[in-house]
Amino acid sequence: MSTFFTPPPRDSGLAENRPDEPAKYNYHFKHMTTVGEPIEPEVWKWYHKEVGKGEAIIVDTWWQTETGGFLCSTLPAITPMKPGSAGPGMPGIHPVIYDDEGNVVPRGSGRAGNICIQNPWPGMFQTIWGDRDRFVDTYFSRYCKDPNSKDWRDWPYLTGDAAVEAEDGYYRILGRIDDVINVSGHRLGTKEIESAALVVSEVAEAAVVPVAHDIKGKEPDLYVSLKPGFETSDALAKRISDAICDEIGKIAKPRKVWIVKDMPKTRSGKIMRRVLGAISNRTDVGNVMTLANPEIVEEIKAMVQK
C-alpha cells in the first residue's frame, strides 16, 4: 500500500483519454491527495473508484504558497471524505466568507463569496521582500475594518479564492476570485458550472469563461469535450445546458455550449481558460505555441467566431 499525489488536471485527462487504464495495474493506494486546483465531484468519484479501487482515502487539500501549510482539508479516519470538497478548516485555521460589499456570508448558506482567514497562524508568510505596503494592500486591506487598528481581528487574510460553505461546514473552493462571474448581480463560480456540466455522463471536461454582455454585465460561455465514443449534437448541447439550469438555476444558463474536440492545454494538462476567454470575447489569444496542442486553438476559433 502506497500514496499518490497528483493535480486534478492529470485525473481529468486520464478519465477522458484513458478511462480503462487504471484497471490494468495491480496496485493498491492507501492515500491519494489532490492539489493545485479544485477537483470536480464527478472526476473525484472516478478517481476514487478507478484509481483508488474504492479503498483509498482521498484528501483534497486547499492551501497556498503564502500560507505555509494546508488551510482546509479532511483528516483521514477523523473527518469523512466528500466529492469535490476540500473539507473544513484545519485545526487553528478559521475561514470566513465575505461578499463584495464586505458583509459576512452566513455560515453554511452555500452562497459564493471571497474566502478569507480570520486569524493569523504560525506558517503564514510575513511580508513581501522590499515592499511591505504591497503585502498589506494585496492580502489584508480589502476587508480591514480599521486601517489604524493593531488588533488582528480587524485584518482578515484575503486568499484571492472564491468558495462556498455547505451546511456541514465543508468548504468547496471555486477558483480564483477573477474566475467568479457576476451575472446580473449573481455571483457564479466557474467551478460550480463546470461541475454541473460534468453531471452529464458524456462530458469528459468542461471549462467556463465570462463573456461581456451589455445588460447582464457578464454571462458564461461553456466549452466541453466528450468522452471517447460520443458524438457532438445539438440535442447533447441542450442537455448539458439544461443540466446546469437544474443543478444551479436558470441564472447560470450558458450563452452557448461549445462542444470541442479538445481543450487548449499546457504540457502539464491544465486547461488554458485564458485562451478560451479570448476566443469567446474576440480578443487576442496571445502566444499559444507553448501549449501542448496549439493547433486546437485555430479549430475552436473557427467554430466560435464564424
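Between residue 246 and residue 3, the FRET efficiency from the beta-carbon distance, with R0 = 41 Å, is close to 0.65. Sparse packing (at most 13 other Cβ atoms within 10 Å of the Cβ) combined with a DSSP loop state is found for the following trypsin sites (Lys or Arg not before Pro) in the range 207-268: 261, 267.
Each 20 Å bin, from zero up to the one with the longest distance, holds this percent of the alpha carbon pairs of the chain: 31, 58, 11, 0. With R₀ fixed at 41 Å, the C-beta to C-beta distance from residue 28 to residue 302 puts the FRET efficiency at about 0.35.
Among the chymotrypsin sites (Phe, Trp or Tyr not before Pro) within the range 43-98, not one is in coil by DSSP while having at most 13 neighbouring Cβ atoms inside 10 Å. Among the GluC sites (Glu not before Pro) found in the range 38-143, those both in a DSSP coil and sparsely packed, with 11 or fewer other Cβ atoms within 10 Å of their Cβ, are 55, 101. Subtracting the Cα-Cα distance of residue 77 and residue 274 from 0.36 nm times their residue separation leaves 67.0 nm of extension gain.
Out of 253, 191, 24, any idea which swings most in a Gaussian network model of the chain, alpha carbons joined below 10 Å? Between 253, 191, 24, it is 24 that shows the largest mean-square fluctuation. Which entries of 24/261; 30/270; 53/270; 256/301; 218/265 show an alpha-carbon separation above 20 angstrom in the structure shown? Beyond 20 Å between Cα atoms: 24/261; 30/270; 53/270; 218/265.
In this label model, residue 49 and residue 148 are separated by 6.1 nm, measuring between points 7 Å along each Cα→Cβ vector.
For the range 121-254, pairs of C-alpha atoms spaced more than 19 angstrom apart make up 62 percent of the total.
Look at the alpha carbon pairs under 8 Å that are at least 6 residues apart: their mean separation over the length of the chain gives a relative contact order of 12 percent. Every helix of 4 or more DSSP H residues in the chain counts as -39500 (n - 2.57), and over all residues that averages to -6000 deg cm²/dmol at 222 nm. Out of every Cα-Cα pair that the range 95-161 contains, those further apart than 19 angstrom amount to 33 percent.
A simple spin-label model places the labels of residue 287 and residue 215 4.2 nm from each other, with each point 7 Å out along Cα-to-Cβ. Paramagnetic label reach from residue 239 (point 7 Å along Cα→Cβ; backbone nitrogen cut-off under 13 Å): within the range 193-209, residues 198-204. Charges were assigned to the Cβ only: +1 to each Lys and Arg, -1 to each Asp and Glu. The resulting dipole of the chain about its Cα centre is roughly 160 debye. Around the amide H of residue 140, modelled in the peptide plane, lie the amide H atoms of 158, all under 5 Å away and 5 or more residues distant in sequence or on another chain.
Values in this text are rule-based calculations from the coordinates and carry no lab data. This is a predicted model, so every value here is computed, not measured. In this analysis, Cβ positions are derived from the backbone assuming ideal geometry, glycine residues included, and neighbour counts consider all displayed protein chains.
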